[in-house]
Structures are given as structure tokens and as C-alpha cells.
There are 2 protein chains.
Amino acid sequence: MRKAYHEELDRIAESLVEMTHLAASAMSRATTALLDADVHLADSVITADADIDARREQIDLLSFDLLALQQPVATDLRVVVTSMRMSSDIERMGDLARHVAKVARLRYPASAVPPELRGTFREMGSVAELIVEKVGSVIARRDVEGALEVARDDDAMDRLHRDLFAQVTSSEWPHDTETAVDITLLGRYYERFADHAVSVAERVVWIVTGEWGDEAGGGHDEVADTAPAGA
Amino acid sequence: MRKAYHEELDRIAESLVEMTHLAASAMSRATTALLDADVHLADSVITADADIDARREQIDLLSFDLLALQQPVATDLRVVVTSMRMSSDIERMGDLARHVAKVARLRYPASAVPPELRGTFREMGSVAELIVEKVGSVIARRDVEGALEVARDDDAMDRLHRDLFAQVTSSEWPHDTETAVDITLLGRYYERFADHAVSVAERVVWIVTGEWGDEAGGGHDEVADTAPAGA
């Protein structure tokens, strides 16, 4: 019984790590679809999001059964409760990749991203992929140091996001408002993707140390707040 | 012991309902701050968000202790696990009200909303307030019928959101891109606010019936997906 129990806990962690791989792949393909105006790739991201959702449901059912049948305490309880939250964050990351793919799809055969912003989006895509892969290894190894790195990568994403806003809201913006709207939403999708990654990393810190890396979660949205300033 | 236990469960539900009142008040005041360019009101919303965050933390600690000490099963377990998720949704609604207030603050002494869009934002504010108040009563009464109403109110919000996008992305948009960016983000904040309300209502349905009102959660973002089309 106890052995099966710890195997279940391991299975939950493995599923979470797999979810991070799926989210990384989704965001990476969504970025390519966006930059290359590749509608088939965009469709594949949109379709594959159901897999991420299904994983999340699986993890939630497993966690719920563990709570009901095994009544874990102390660290194990923290792990189970936190896993349900991490699955929710990672599922949301999948949604955000899907949103990016949908914008790519919407503007096909054109690209939603003007030439001079391609570099910024390529970089946002790279940071997004890097950050979620790191989160996977943070979960797998319960790596508190790695969790701090994730916060630093999020700072890089915030900088890119601010740059983007500065360009869109500049008086020299040379494109129409439809493009500005697309860029605004796309920027927010990437930024929120990274925010959720930080949130997952912090939950791992909480499992290991019983303390939040930051104040009590949910506060990773400050750049979005100030970004409309174009600062 | 058992009596104390059910009192704790009741306390969690009451705290969730109080959170919905705080979120309703935050969004209502944020909307007024936005339309009247009232920077003091905006600041009060931004400051008060810490109260909502604190409530969430309190509910989470209470829920966690209940899980650890009382090891609830069946419906009680569903209630506790789901409460932690509802607190997270409502806290996020508070964040979104804060985002609206921050845009108001950013554009002060001007209003971020051009005259011809004031009516739409006033309506979005009303729907947001209505929907979160309904969610409070859905939680308090475990009201499955009320939960369906919440979904209908969300449809109204989606329509307003689509109208807004049609205007921003129209070739006749008479304002600068900074305004377009503000309106895009503001529209998304209101729409996400309503999405989280639906999510809370569905969780209540799950507590009562063991079934999701919709497919397994997290799917309430489709309008955001299509909105950039200006459809």
C-alpha cells in the first residue's frame, strides 16, 4: 500500500514534467507558426492543446484519489495539493500557446508580426521555451536553485515585453491598429506564459522549504500593469 | 471535533462569498475610476487588492489545515479542494480589477476610454459586477441554476468584448495606437474577469453534482482567441 502510494506521487510528478514538455513544444511551434505564417503548424498546436488539458484532468483525478484514499499529511499533502495547482498553471500555459497559434491562424496567409518585430518575438519564444523546460527540471529535481533561475528568465521576458510596448505605443508606430492589437495580445500571452512558469517554480520552492520564494503567489503581473505606459 | 469541522467548512464558504463582494466592489470602483479618470479611486482599488490576496491566503491555510487534520472524504473533500481553486479564481478577479485601475491611473488626468466607448465600458463594468455578485450567491446557496445564469451573463460580456474589438480594429478607428492598446488590454481584463466567474460557478456545480457544467474547465477563453479578428 505505502509503496503504491509513493509510486502514485512519483507518477504525478512525472506527469507534471511531461506537461511542461508539451507546453514547451506547443509554445515553440506556436512561435514558428506565427513567424512563418504556417497555418498547418498553428492548427497542430490548437489541436494538441486537448492533450495538455487531458493530462491536467488525469493529474487532478489522481491527486483527488490520493487525498481521498491515502489521506497524506505533512510534505506529501503539500505535494498533492500543490500538484493540482501546478497542473492548472501548466494547462494555462498550453492555452496561451494555443492563443498565439490562433492569432497566427487568423492572419494567415500574412504574418501577424511586422518584420521589425520578428526578432523580439523570436526571442520571446526562446525565453518561453527555455523557462518552461527549466520548470520541468525544477519539478523533477525539486531544484530550489533552478527555481530562482526561472525568476531571472522571467525578468528577461518582462524586458522584451516592455520593449514591445514601447514600440507599439510609440508615435512612430508605422502599422495599423489591427496589428497593434495583435501585438498587444501576443505580448501579453508570452508574458503570462512566463508568469505561470514562475508560479510553478515557486510552488516547488514551497513544497521543499514550506516558504514562498516571493510574497504569497499571484503577484507576477506587474509588468503587464505598467506595460501600457510603454515604459 | 466534528462540529468544529463543519464550522470550519462554513467559514471557508463565507470567506469565499466575502471575497466575491470585495472583487465586485474592486471592479465597480475600477470602472468608475476608469470612466471618471479618478486617480484616488484607482489608488484605493490598487491598495485594497492586498485584502483580497490576504483572504485567499487565509482560505488556503484553513483548507490545508482541514485536509491535514480532518482528512475529509467524499463531498467534504470536494468542497475543500474546490475552495482552494475558487479562492484562486476570485483572487485573480481582484488582480484584473487592479489592472483596470492601473490603466486609469496611468492615463490620469486623461481618461483611457474615448467618449464613444464609455457606454461599452460602463456596460462591461455592470456585467462584471452583476456576475461576481451572482457567483457569491451561487457559492452561498450551492445554486446550480444560478451557475447557469452566470454562464449566460458571460455570453453578454463576450458580446461586449467582440463589439469593442470590432471598433478598435476597424479601419475607421479615429484614435492613436496607444489608446488602441489600452482598450485591447482593458477589454481582455473584463473578459477574463467574467471567465473566472464562470469557472467559480462551474466549480460549485461540480461540488453539488460531481459533474462539470461544461467540459473539464479552463476552456472559457475562446472569445479572446477570436477577438483579434474583430469578429
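Read the figures in this text as sums done on the coordinates, not as results from a lab. Treat the numbers as computed from the prediction; the structure is a model and nothing was measured. Here the Cβ positions follow ideal geometry from the backbone for every residue, glycine too, while neighbour counts run over all protein chains shown.
At 7 angstrom along the Cα-to-beta-carbon line, where would the label on A:Ala68 sit relative to the other copies? Give the distances in nm, shortest first.
Counterpart label points of A:Ala68 in the remaining copies fall at 2.4 nm.
Just to confirm my numbers, what's the Cα centroid distance between the stretch A:6-42 and the stretch B:20-40 in Å?
38 Å
Sorted from fewest to most neighbouring beta carbons within 10 Å, what does the list B:Glu129, B:Glu172 look like? Could you put the intermediate results ahead of the total?
Numbers: B:Glu129 19, B:Glu172 5.
If I rank by nearby Cβ atoms, fewest first, I get B:Glu172, B:Glu129.
Report, please, the projected area of the stretch A:111-153 averaged over directions, based on the convex hull of its C-alpha atoms, in nm².
Answer in nm², one decimal: 3.4.
In percent, what relative contact order does the stretch A:2-229 have, based on Cα pairs under 8 Å that are 6 or more apart in sequence?
Details: 309 pairs, mean separation 59.4, N = 228.
RCO, the stretch A:2-229: 26 percent.
Pick out, from B:Leu148, B:Leu41, B:Phe193, the residue whose Cα sits farthest towards the positive end of the charge dipole of the stretch B:2-229, with +1 on the Cβ of Lys and Arg and -1 on the Cβ of Asp and Glu.
My answer, from the dipole projection, is B:Leu41.
List, in order, the whole-Hz ³J(HN,Hα) value for each residue of the stretch A:85-101 obtained from phi through the Karplus relation with A = 6.51, B = -1.76, C = 1.60 and θ = phi - 60°; use x for Gly and Pro.
Result, ordered by residue: 6, 5, 4, 5, 4, 5, 4, 5, 4, x, 4, 5, 4, 4, 4, 4, 4 Hz.
Spelling out what I want: for every residue of the stretch B:3-9, take phi, set θ = phi - 60°, compute 6.51 cos²θ - 1.76 cosθ + 1.60 (Karplus), and round to whole Hz; glycine and proline get x.
Working through the residues one at a time gives 5, 4, 4, 6, 5, 5, 4 Hz.
Can you tell me the FRET efficiency between B:Tyr108 and B:Glu18 if r is taken as the Cβ-Cβ distance and R0 is 25 Å, rounded to the nearest 0.05? Before the final figure, lay out the partial values.
On the way: r = 30 Å, r/R0 = 1.20.
About 0.25, to the nearest 0.05.
List, shortest first and in nm to one decimal, how far the label point of A:Glu116 (7 Å from Cα along Cα→Cβ) is from its counterparts in the other copies.
For A:Glu116, the other copies' label points sit at 2.8 nm, shortest first.
So how far, in whole Å, is the C-alpha centre of the stretch B:92-146 from the one of the stretch A:152-213?
23 Å
Have a look at A:Thr179, A:Met124, A:Met86 and report the one farthest towards the positive end of the charge dipole of the stretch A:2-229, computed about the Cα centre with Cβ charges (Lys/Arg +1, Asp/Glu -1).
Farthest towards the positive end: A:Met86.
Expressed as a rounded percentage, what relative contact order does the stretch A:15-88 have, with Cα pairs under 8 Å and six or more residues apart? Let's see the in-between values first.
Values: 44 pairs, mean separation 24.5, N = 74.
Computed over the stretch A:15-88, the figure is 33 percent.
Can you give the Rg to Rh ratio for the protein assembly as shown, taking only C-alpha atoms and Rh from Kirkwood?
That ratio equals 0.96.
³J(HN,Hα) across the stretch B:174-191 via Karplus (A = 6.51, B = -1.76, C = 1.60, θ = phi - 60°), whole Hz, x for Gly/Pro?
Running phi through 6.51 cos²θ - 1.76 cosθ + 1.60 with θ = phi - 60° gives x, 10, 7, 6, 4, 5, 4, 5, 4, 5, 4, 5, 4, x, 5, 4, 5, 5 Hz.
Using the Kirkwood radius over C-alpha pairs as Rh, can you work out the diffusion coefficient of chain A via Stokes-Einstein at 20 °C, viscosity 1.002 mPa s, in µm² per second? The partial results should precede the final answer.
Values: Rh = 18.2 Å.
For these conditions, the coefficient is 118 µm²/s.
In nm to one decimal, list the spacings between the A:Arg11 label point and its equivalents in the other copies, with label points set 7 Å along Cα to Cβ, shortest first.
When each copy's label point is compared with this one, the spacings are 3.6 nm.
Determine, for A:Ile183, A:Ile46, the number of other Cβ atoms within 10 Å of each Cβ, and report the residues in order from fewest to most. Mind dumping the intermediate values first?
Working: A:Ile183 26, A:Ile46 20.
Exposure proxy ranking, most exposed first: A:Ile46, A:Ile183.
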